[in-house]
Amino acid sequence: MIELRNISKQFGDGVPIVALADVDLSVDAGEFVVVLGPSGSGKTTLLNMIGALDSPTSGSIVVDGTDVSQAGRKELFEFRRSSVSFIFQSFNIFPGLTAAENVQFGADATGRDDVDPAAILQSVGLGERVDQFPHELSGGEQQRVAIARALATGNPVMLADEPTGELDFITGVQILELLQKQAAEGQAVLVVTHNREISRIADRVVELSSGRIISDGPPAEGKAALEELHW
Amino acid sequence: MVRRPRARPPSKNCTGDVMKNTFLLLRWSWRDLRKYWVKVIAIALVIGIGTGAYAGLTSTANWRRDSNVASMELLNMYDVRFELATDSSVEEGALLAAAAGIEHADWIEEGLERVIRPTQVDASTATDAVLVPGQIVGVDISTGSPAINGWHLAGGVGLDSADAGAPVVLLEHGFVFHNDLPPSGVITVSGGEQLEYVGNAMTPEFFIVVPENTTSFAQGTYAGVFSSMETAQSLTGMDGAVNDLILTVTEDADRDVVATEVKAAISDLGVGVNVIPREDDPSYRLLFEDVENDQEFFNIFALLIFLGAVMGAFNLITRLSEAQRREIGISMALGLPPGRIALRPLFVGAQIALLGVGFGVLVGVAIGNLMKSVMESLLLLPIWLTDFQWSLFFWVAVVGFVIPFAAAAYPVWRAVRVKPIEAIRTGHLAARGGGLAPAIKRLRLPGDTFGQLPFRNLLRAPRRAVLTALGIAAIMAVLVGFLGAIDSFLGALDRGTSMIEGSAPDRMVVSLEGVLPVDSPHVAAIGNADSVDGTVPVLQIGARAQGEEDVDLLVEVMDLENEMWRPALTDGDIATVGDGLILAEVAASDLGVGVGDTLRVTMPVRTGPSSFSFVESDLTVGALHESPIRFSAYMDDSALALMGAEGAANVLYANPAAGYGPDDVQRELFSLDAVGSVQKASASADELDDLMAQFVGILQAVAFFVLLLAVLMAFNSASISFEERQREHATMFAYGVRVRKALRMAVVENLVIGVVATVVGFGGGLLMLWWVVNVTAAETMPDIGLMVELSPMTLATVIVLGIAAVALAPLFTARRMRRMDLPGTLRVME
């Protein structure tokens, strides 16, 4: 589903800052992958490359059959519309739309007309909050709306950037459960975090340091259950 | 025992710290300005246009007042004028003697007898035919320029006692100026007399030329011919006679008493006399007395432009400052007092204000120069005092300076009232309330979420949306008022022209030199001219109707069943008019009468072959006609018996014969005896049209600044909205929404603002237009009955500007949207 070959990314014109160096990565459909690393390791840059929000300095990225490193501007919009869906640390849901309308936005963006926002919100535990505006929801509820919006796109790749970063532990666990569920249903789910505890529930943990992958494999102590997490 | 730490003593360099800190904030605010430099300049321009337009537009009252006073004083305009009834005259010296014999003769400072008679002037040059009606004004020139209503020489040389009786004259400067005539040359007047004009001069009664028998301004189509008394008497066949007296009175005099006594004394001479106080002189009234009313017209527009700019600037600066809300919270968290926190945005406000005031001076000078050049070409005065009105500009600049401060301080004031943590927070805890968005939660708007978002965004921030819409609405109102005023003026002209042309569009009006029998050889000669195809005799008389408001009338008495031309009626029927008056609708309205009502009218009754006296009669209002000219009135010739003037005429309507044009008629009739002037019936409307072109020029030039203001506000609003919505746009782009769709949403959002602003502005503009037409114009130009009119072009301009330009303003942000740093904007940063 996701194939990265020799991906490098440098920033700056003068003395370049290397964000990623010769990264190779493959993610299959149905995999729940956690990209782990400290601040400045390049993990968000990696996520942005996969989501075609940014382009690599060199190397190739193929996601859902599209070579995003070679695609033109129009193709990139089409790619984002049909292949990936994002979940952001600060949610980025639209304050002017209700929960249901935010979910509907995901469907509208991809041109889907077979989506029932209320049903999707029900599936993320917000069946009673469909008509609430974002400012009437808690942080956890807002992030669930963001996940529901991502689900409404029906896209095969879900990219989450520090999805629990602004949430308390219990809410964070609930969000992770939702993401796990999506992977189980066949989506490729990539979660970027600096929280090592979260990586314990992943199928695979890709650890970055200074723009390089220093490890890639299942959690060192084996895959943990959600109930075992604590932070 | 725990020792408490000692409080730190105040720094010896406390003042230095404060200064350092202040300079840091100043530098920081300077960086803010550089960051938003396009918006800063645009906002400063909004302030500049608002303050500058106000100063420029409101300056004309002071200019006109000062210039009028100086010009009148220079030429010693009369205080009261005594005009003998049409074709009446008395022996030279009789009028002065009558004035000298009144009880309060000591109140009279100076007196001047004159001969004033209409004529026709041929001032054609080798390249241009200039054949116009005019007026010969003869006075005593023993001391050069007359003592009252003096002549200010604008070109050539003046007259002196040696020119008395000689065929040497001066031409009125406006006539020379508008026809581009040389400063000296030869003209021919009625009767074929050739006169040498040696110069051109200005005189108070001709500062604005409103001839008795025309509707309004006629600077280029009416010739004032100034000569010695003897020359004028010789030219008009009034040897040894005069028909006009002007007086100045002492400062402590009761002018009304003098006027009454002199009028009685002149009446005792057996002639009718019309008393004209200086304030009723058309030139004086239009120039001087109506300055305030004219200024009201510009003041209301200036104020609205200013208010629109103030609202716009306040809104834009507030939104700019609100972007610093989080930084204000951080400062609060760091313990800075609110006063210090407010410094940085206030510095930004001050710098915008300074720039705005600077622009204001430039715009003020630009608009001032524009007004000045139009005023100077419109009103030919010997003295023009047009200094930049710093006092007017100062107060408006103070407001223009304070607004950015208030606008910058407002968000700070709001921010420091919350806990620092609330200001710092990002994410869900910082989510702002939904404004009025929840109010339409249940209302399903058509379309998908992309269709909902623009409306929801507007309702999320209703205060901001309303302020933006009101700012643009104020500008739209000014535009509707401006353009509507032009439409209303032009509409009145069209209605007037339409009636005057009627079924005989080339109809010529031939003014006779006096009242003649219609069967006289002179009248017959006109009818028999090769270029003329039929005539209609008309007796044209001045009258005054008494009603709720007294109205002066120019009554044309003719056979209303004639086949050439008759007035078009809006009420009543020609067949039933009888001896009644046909009034203009505006005259009937001002008099408070309708068809069938009786009206008391002071009108001339013939007392001798060439003399009339005024008597009061009760006349029925027989019908109303469609012309907007208030003084224009008509009667059937069956009413001539009332005036003792059966079979008499002083005007003929003449239709050009087949194969001849108006110029041919003018040239042929000019050479005939008893012809005073020949002009197209529609000439006065054409003159007004030309004058309106200049007035329209001012309005259009100001309209340009108004358009610029609207575009600047729309652009700024769109630009700030773009920054406020950056994260939402970035989220959309992350979900694959195309830039054009995001732009479309921004366009829809602005479209709603544009529609609301245009509707509100249109309503406000109509109200303003109503006020201009029914209050200001009714006072300033009582002789023209204006109606509120809006042309399709005005409607199109307002719609295009108010809706299309505002709606399309977000397209300016297309480039920035396309180049948006998505990861940075989404804050997916490590």
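The values are calculated or read from the model by the stated rules, or taken from the named source; none is laboratory data. Everything numeric in this text was worked out from a predicted model, so none of it was measured. Cβ placement follows ideal geometry from the backbone for every residue including glycine, while neighbour counts extend to all protein chains displayed. We work out accessible area using only protein heavy atoms, side chains counted, and drop any ligands, DNA or RNA first. Shrake-Rupley method; radii C 1.70, N 1.55, O 1.52, S 1.80 Å.
Just a few scattered comments:
- Whole-number percent relative contact order across region B:78-280, with pairs defined as alpha carbons under 8 Å at least 6 apart: 37
- Charge tally in the Cβ shell below 14 Å around B:Asp673, where Lys, Arg are +1 and Asp, Glu are -1, B:Asp673 excluded: -3
- Within 10 Å of the Cβ of each residue in A:135-142, the mean number of Cβ atoms contributed by other protein chains is 4.
- Highest to lowest packing among B:672-678, B:30-36, scored as the average C-beta count within 10 Å: B:672-678, B:30-36
- Remark on region B:782-830: accessible area falls by at least 30 square angstrom from chain-alone to full-complex state for B:Arg818, B:Leu822, B:Pro823, B:Leu826, B:Val828, B:Glu830, probe 1.4 angstrom.
- Buried area at the B-A interface (accessible, heavy atoms, 1.4 Å probe, summed, Å²): 3600
- When only Cα pairs below 8 angstrom with a gap of at least 6 residues are kept, chain B shows a relative contact order of 18 percent.
- In chain B, taking the dipole from charged Cβ atoms about the Cα centre, the farthest positive-side position among B:Ala147, B:Gly329, B:Gly802 is held by B:Gly329.
- Taken over chain B, the convex hull of the Cα atoms encloses 246 Å³ per residue.
- Global geometry of region B:506-681, whether rounded, prolate or oblate, following the gyration tensor of its Cα atoms and the 1.5 cut on a/c: prolate
- Computed per residue of chain A from DSSP H runs no shorter than four, each worth -39500 (n - 2.57), the mean residue ellipticity at 222 nm is -9000 deg cm²/dmol.
- Cα centroid separation, region B:41-64 to region A:9-43: 58 Å.
- Among the protein heavy atoms of chain B, carbon and sulfur supply 57% of the accessible surface, probe 1.4 Å, non-protein parts ignored.
- Estimated dipole of the protein assembly as shown in Debye, rounded to 20 [Cβ of Lys and Arg +1, of Asp and Glu -1, Cα centre]: 11060
- Sum of side-chain charges, A:Arg196 neighbourhood, beta-carbon under 12 Å (Lys, Arg +1; Asp, Glu -1): -2
- Measuring between their Cα centroids, region B:563-613 and region A:146-179 lie 89 Å from each other.
- Chain A, relative contact order [Cα under 8 Å, separation at least 6], %: 28
- In terms of its C-alpha gyration tensor, the protein assembly as shown has a prolate overall shape, because the principal axis ratio a/c (a ≥ b ≥ c, square roots of the eigenvalues) is not below 1.5 and a/b outweighs b/c.
- Accessible surface calculations at 1.4 Å, restricted to protein heavy atoms, place region B:78-280 at 37 Å² per residue.
- Membrane-span-like helices in chain B, defined here as complete DSSP H runs extending at least 27 Å along the helix axis by their C-alpha atoms with mean Kyte-Doolittle hydropathy no lower than -0.5, are B:14-35, B:37-75, B:291-322, B:338-378, B:390-415, B:462-501, B:683-724, B:739-771; this is a sequence and geometry rule, not a statement about a membrane.
- When peptides B:80-89, A:174-183 are ranked by their average number of other Cβ atoms within 10 Å per residue, the highest-first order is B:80-89, A:174-183.
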